[in-house]
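Q: Can you read through this structure? Questions will come right after.
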């Protein structure tokens, strides 16, 4: 019997690679004897060497490829040869399963070239069109386009694409003994004494909109020092000027290791800390992987619900201003959300989290204004979630998020529904969408019947196809004009784009299934948001799915 071979493609940064680790563990749990390869960008691949369960890390030099493409001319031939060599080597491995955790056109084309027996995630069809294979991959792509109602952590999407959650409820990274020795030596040289509480501050971020102001970090550092804590500054080489300025303001109580650690050493320093204060960054995920409590600051495009630190009992502060989350591609001229989270609130969160005083954190959350404070938890089904602290009333988006979460767990995983609850959401748009989906299911059935004769009527097939096309436009327009339903209409759109069969009868069956699934999802959302006891009708719809 040949060895089972699996490939994971993740050509993103080191934080995203760490978020792959629970999926690796789940695959290893389901396929103990498999050979697992992870394809990563050369710049960030080193982190994979300490993620347990990976047999081989295949490094692709994206910088080199980019330079060849930019140079153009004859260098385009060199770029082609480089890609050809990578694809040929990976095709030779004859992967049974390839999972693409990178949502880009480039990796989609790459997946189409691999020749794996089964692919999941972004790929291309036989005629070169983009497809997104696997329901959880479609859901992740949908939530990226509708982030206000993002209801699942990225890690859970990865794990579900891998075939199941598995037993792991945290990110995984093994800190090496040499790295631990470096951390011990550096912190001791910085003046850290045994028994002193140590708080790490991750100062930088990938974009300015994701970075808490240096003045806020300096003020936070002073508050922590006054409370008897030591502070260690961490970050990349590009953050050194920022760290030097903050360190000057804090004096000898600050240990400046910013730009002085490689990834393994950063992991060891974070493992020594009692807490890390950070924005939505790679080091945040590293701290989660080594078990360090996190006080996460989320503003701008960052949300705790989909990219928060994966693990229990982290404290997540979100500046829930009216425009949040902002678009990744928009440059905000007045990013006031960054100053909504004050140093005083963060300091209180750090001190109470280190002390394990959740009652005090509740009290802070009750008076934190626009800033909502969450505790990271796992639900009874094993999925990551954010539990609001302070007894604050649910925002409109919270109601939608909870209903979408329950709906997709029911539809994709067959899990029990929670009791319906009243909400401020108008359910009329969901009922209207359900009615459209029922009409679509009827049209799909007519198409299937029209395709049955040995010589079907081409005119009749064209007529029904035109009605289906018009209905689909109406459904998508409905999602565009009724934002609350946009998640369902986008999932439907991805489903239609994934259809590949040239057999009209089979295609009609697949189309009918998509309409019936949309009907069930719309009915579930309507029931969960209205508080009406519509469960019998929903259960009946599921029986006929």
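Q: Are any of the residues in the stretch 489-498 over 29 Å from residue 450 (Cα atoms), surrounded by fewer than 21 Cβ atoms within 10 Å (Cβ to Cβ) and modelled with pLDDT of 95 or more?
A: no
Q: Report yes if some residue within the stretch 454-463 is in a helix (DSSP H, G or I), under 30 Å from residue 337 (Cβ atoms) and either at pLDDT 95 or above or not assigned by TED's automatic domain parsing to the domain that holds residue 200 (or both); otherwise report no.
A: no
Q: Give just the number: which of (1) surrounded by fewer than 18 Cβ atoms within 10 Å (Cβ to Cβ); (2) outside any loop (DSSP other than H, G, I, E, B); (3) in contact (Cβ under 8 Å) with a residue 24 or more places away in the chain does residue 200 not satisfy?
A: So residue 200 meets the others, but not (1).
Q: Which number in (1) without any contact (Cβ under 8 Å) to a residue 40 or more places away in the chain; (2) touching a strand residue (DSSP E or B) at 6+ places or on another chain (Cβ under 6 Å) marks the one condition that residue 161 misses?
A: With (1) without any contact (Cβ under 8 Å) to a residue 40 or more places away in the chain; (2) touching a strand residue (DSSP E or B) at 6+ places or on another chain (Cβ under 6 Å) applied to residue 161, the lone miss is (1).
Rundown of residues vs (1) at pLDDT below 95; (2) in contact with a helix residue (DSSP H, G or I) (Cβ under 9 Å, 6 or more places away or on another chain); (3) assigned to a loop (DSSP other than H, G, I, E, B), yes/no style:
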position: 317; (1), (2), (3): no, yes, no
position: 321; (1), (2), (3): yes, yes, yes
position: 329; (1), (2), (3): yes, no, yes
position: 333; (1), (2), (3): yes, no, yes
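Q: May I ask you to list the residues in the stretch 60-77 that are in contact with a helix residue (DSSP H, G or I) (Cβ under 6 Å, 6 or more places away or on another chain) and surrounded by fewer than 16 Cβ atoms within 10 Å (Cβ to Cβ)?
A: 69, 75
Q: Are any residues in the stretch 128-140 more than 14 Å from residue 99 (Cα to Cα) and modelled with pLDDT of 95 or more, and if so, which ones?
A: 139, the sole residue that qualifies.
Q: With free of Cβ contacts under 8 Å to residues at least 24 places away in the same chain and either buried (at least 19 other Cβ atoms within 10 Å of the Cβ) or touching a helix residue (DSSP H, G or I) at 6+ places or on another chain (Cβ under 8 Å) (or both) as the only criterion, which of 121, 128 stands out?
A: Of 121, 128, the one residue that is free of Cβ contacts under 8 Å to residues at least 24 places away in the same chain and either buried (at least 19 other Cβ atoms within 10 Å of the Cβ) or touching a helix residue (DSSP H, G or I) at 6+ places or on another chain (Cβ under 8 Å) (or both) is 128.
Q: If you take the residues in the stretch 43-52 that are at pLDDT below 95 and in a loop (DSSP other than H, G, I, E, B), which one is surrounded by the fewest Cβ atoms within 10 Å (Cβ to Cβ)?
A: For the stretch 43-52, the residue satisfying everything is 43.
Q: Sticking with this structure for a sec: How many of the residues in the stretch 208-218 are closer than 16 Å to residue 241 by Cα and at pLDDT below 85?
A: So the answer is 1.
Q: Inspect the stretch 278-294 for any residue being buried (at least 21 other Cβ atoms within 10 Å of the Cβ), touching a residue at least 12 places away in the same chain (Cβ under 8 Å) and more than 22 Å from residue 262 (Cα to Cα) and give the result as yes or no.
A: No, the stretch 278-294 contains no residue that is buried (at least 21 other Cβ atoms within 10 Å of the Cβ), touching a residue at least 12 places away in the same chain (Cβ under 8 Å) and more than 22 Å from residue 262 (Cα to Cα).
Q: Could you figure out which of (1) under 25 Å from residue 509 (Cβ atoms); (2) in contact with a helix residue (DSSP H, G or I) (Cβ under 7 Å, 6 or more places away or on another chain); (3) not assigned by TED's automatic domain parsing to the domain that holds residue 511 isn't true of residue 415?
A: Condition (1) is where residue 415 drops out.
Q: Looking at the stretch 144-175, which of the residues that are outside any loop (DSSP other than H, G, I, E, B) and modelled with pLDDT under 95 is surrounded by the most Cβ atoms within 10 Å (Cβ to Cβ)?
A: 149
Q: Taking the stated definitions as given, is residue 8 farther than 18 Å from residue 266 by Cβ and within 19 Å of the chain's Cα centre (by Cα)?
A: yes
Q: While we're here: Could you please give the count of residues in the stretch 2-27 that are touching a residue at least 12 places away in the same chain (Cβ under 8 Å) and part of a loop (DSSP other than H, G, I, E, B)?
A: Number satisfying all stated conditions: 7.
Q: How about the stretch 203-223: which of its residues are assigned to a loop (DSSP other than H, G, I, E, B) and crowded, with 18+ Cβ neighbours inside 10 Å?
A: The answer is 203, 204, 205, 211, 212.
Q: Can you go through 412, 400 and tell me which one is part of a helix (DSSP H, G or I), under 25 Å from the mean Cα position of the chain (by Cα) and surrounded by fewer than 18 Cβ atoms within 10 Å (Cβ to Cβ)?
A: When all the criteria are applied, what remains is 412.
Q: Exactly one of these conditions fails for residue 111: (1) surrounded by 21 or more Cβ atoms within 10 Å (Cβ to Cβ); (2) in contact with a helix residue (DSSP H, G or I) (Cβ under 7 Å, 6 or more places away or on another chain); (3) within 30 Å of residue 6 (Cβ to Cβ). Give me its number.
A: Result: residue 111 passes all but (2).
Q: If you go through the stretch 20-41, how many residues are at pLDDT 95 or above and surrounded by fewer than 17 Cβ atoms within 10 Å (Cβ to Cβ)?
A: Selection size over the stretch 20-41: 1.
Q: Go through the stretch 339-350 and give me each residue that's surrounded by fewer than 22 Cβ atoms within 10 Å (Cβ to Cβ) and either under 22 Å from the mean Cα position of the chain (by Cα) or in a loop (DSSP other than H, G, I, E, B) (or both).
A: 342
Q: Residues of the stretch 344-379 being in contact with a strand residue (DSSP E or B) (Cβ under 6 Å, 6 or more places away or on another chain) and free of Cβ contacts under 8 Å to residues at least 12 places away in the same chain, which ones?
A: 379
Q: Need the failing condition index for residue 443 against (1) surrounded by 15 or more Cβ atoms within 10 Å (Cβ to Cβ); (2) not in a helix (DSSP H, G or I), just the number.
A: Residue 443 satisfies every listed condition except (2).
Q: Can you name the residue in the stretch 295-315 that is over 15 Å from residue 378 (Cα atoms) and surrounded by fewer than 24 Cβ atoms within 10 Å (Cβ to Cβ) and, of all such residues, is modelled with the lowest pLDDT?
A: Restricting to residues being over 15 Å from residue 378 (Cα atoms) and surrounded by fewer than 24 Cβ atoms within 10 Å (Cβ to Cβ), the top hit is 301.
The values are calculated or read from the model by the stated rules, or taken from the named source; none is laboratory data. Being a predicted model, the structure only gives us computed values, none of them experimental. As a convention, Cβ positions derive from the backbone with ideal geometry for all residues, glycine included, and neighbour counts pool all protein chains shown.
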